[in-house]
1. Farther than 19 Å from Met185 by Cα and open to solvent by less than 60 Å² (accessible area, probe 1.4 Å): which single residue out of Leu126, Leu158, Leu110 fits that description?
2. Could you grab the pairs with beta carbons closer than 7 Å, sequence gap of 6+ or different chains, first residue in region 169-189 and over 18 Å from Thr54 (Cα atoms), second one loosely packed, with under 15 Cβ neighbours inside 10 Å and charged (D, E, K, R)?
3. Only one residue in Gly66, Gly57 is at pLDDT below 95 and open to solvent by less than 80 Å² (accessible area, probe 1.4 Å), so which one is that?
4. When you check Met143 against the structure, is it touching a Leu at 6+ places or on another chain (Cβ under 9 Å), surrounded by fewer than 13 Cβ atoms within 10 Å (Cβ to Cβ) and more than 18 Å from Phe161 (Cα to Cα), yes or no?
5. For Gly86, all conditions in the list (1) at positive phi; (2) open to solvent by 40 Å² or more (accessible area, probe 1.4 Å); (3) small (Gly, Ala, Ser); (4) modelled with pLDDT of 95 or more hold save one; what is the number of the exception?
6. Could we say that Asp101 is more than 18 Å from Ala55 (Cβ to Cβ), without any contact (Cβ under 8 Å) to a residue 24 or more places away in the chain, more than 19 Å from the chain's Cα centre (by Cα) and surrounded by 15 or more Cβ atoms within 10 Å (Cβ to Cβ) here?
7. Tell me yes or no: at least one residue of region 13-30 is open to solvent by less than 40 Å² (accessible area, probe 1.4 Å), at pLDDT 90 or above and farther than 30 Å from Ala168 by Cβ.
8. Could you check Thr42 against (1) out of contact with any helix residue (DSSP H, G or I) (no Cβ under 6 Å at 6 or more places or on another chain); (2) open to solvent by less than 50 Å² (accessible area, probe 1.4 Å); (3) of a type outside the set (Asp, Glu) and say which number it fails?
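The values are calculated or read from the model by the stated rules, or taken from the named source; none is laboratory data. In this text, all values refer to a predicted model and were calculated from it rather than measured experimentally. In this analysis, Cβ positions are derived from the backbone assuming ideal geometry, glycine residues included, and neighbour counts consider all displayed protein chains. The accessibility values were calculated without ligands, DNA or RNA, using every heavy atom of the protein model including side chains. Shrake-Rupley method; radii C 1.70, N 1.55, O 1.52, S 1.80 Å.
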Amino acid sequence: MKDIFKLNIFIWILMMMTIYVSGNAQQEFSLDKNPKMVVEGTSSLHDWEMVSNTANGSALLTLSNGKITGMESAKISMDVNTLKSGRGGMDNNAYKALNADKNPTIIFTLKKAVLQGNRWKVTGNLEMAGATKEVQFEVQTAMEGSKVKITGQTAFKLTDFGVDPPTAVFGTIKTGDEVRLNVEMKLIP
């Protein structure tokens, strides 16, 4: 009788573990094509933006009942030269300021993500222009079928990365130090 009782407890524990694992599964995702990365800033002449629709990356997410309940790891990289403003001279000044010849890639590596209401506070290392600094993004996620849509933003100073804000026309046009980075991307399993 004791053996049957022990067997029943063992079976019950296995069933509970199976339910928990099936309800909370970690899954590897890859960055889908055509992400949108927008860098926005100001200058003494006008506001500006540079856009890239090219990036690579992956993330390990925890899903529970069709919702994202954890961000375990993520790494996203983008080639500096994919950022375009529509103005060749501005693009070249930006590439030069970011030292793109020696540091051709901008990389974000997740350190931690905390769910706060319906938004995530995401902290990670941003590598740019040969420097690495910790930044925080405010991120929203949504499931679209099996894909995960992520939108988020952060702001930082170029000088924090050792980048002198670009100038043009013999220094008469000056770029502001603070820039905003907005991201919109989809992850696929």
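1. Going through Leu126, Leu158, Leu110 in turn, just one is farther than 19 Å from Met185 by Cα and open to solvent by less than 60 Å² (accessible area, probe 1.4 Å): Leu158.
2. Asp177/Lys157; Glu178/Lys157
3. Details: Gly57 fails: at pLDDT below 95.
When all the criteria are applied, what remains is Gly66.
4. Values: touching a Leu at 6+ places or on another chain (Cβ under 9 Å): yes; surrounded by fewer than 13 Cβ atoms within 10 Å (Cβ to Cβ): yes; more than 18 Å from Phe161 (Cα to Cα): yes.
So Met143 passes the test.
5. (4)
6. no
7. Narrowing region 13-30 to residues open to solvent by less than 40 Å² (accessible area, probe 1.4 Å): 23, 29.
Now restrict to residues that are at pLDDT 90 or above: 29.
From the residues that got through so far, the ones that are farther than 30 Å from Ala168 by Cβ too are 29.
Yes - at least one qualifying residue is present in region 13-30.
8. Only one criterion in (1) out of contact with any helix residue (DSSP H, G or I) (no Cβ under 6 Å at 6 or more places or on another chain); (2) open to solvent by less than 50 Å² (accessible area, probe 1.4 Å); (3) of a type outside the set (Asp, Glu) is unmet by Thr42, namely (2).
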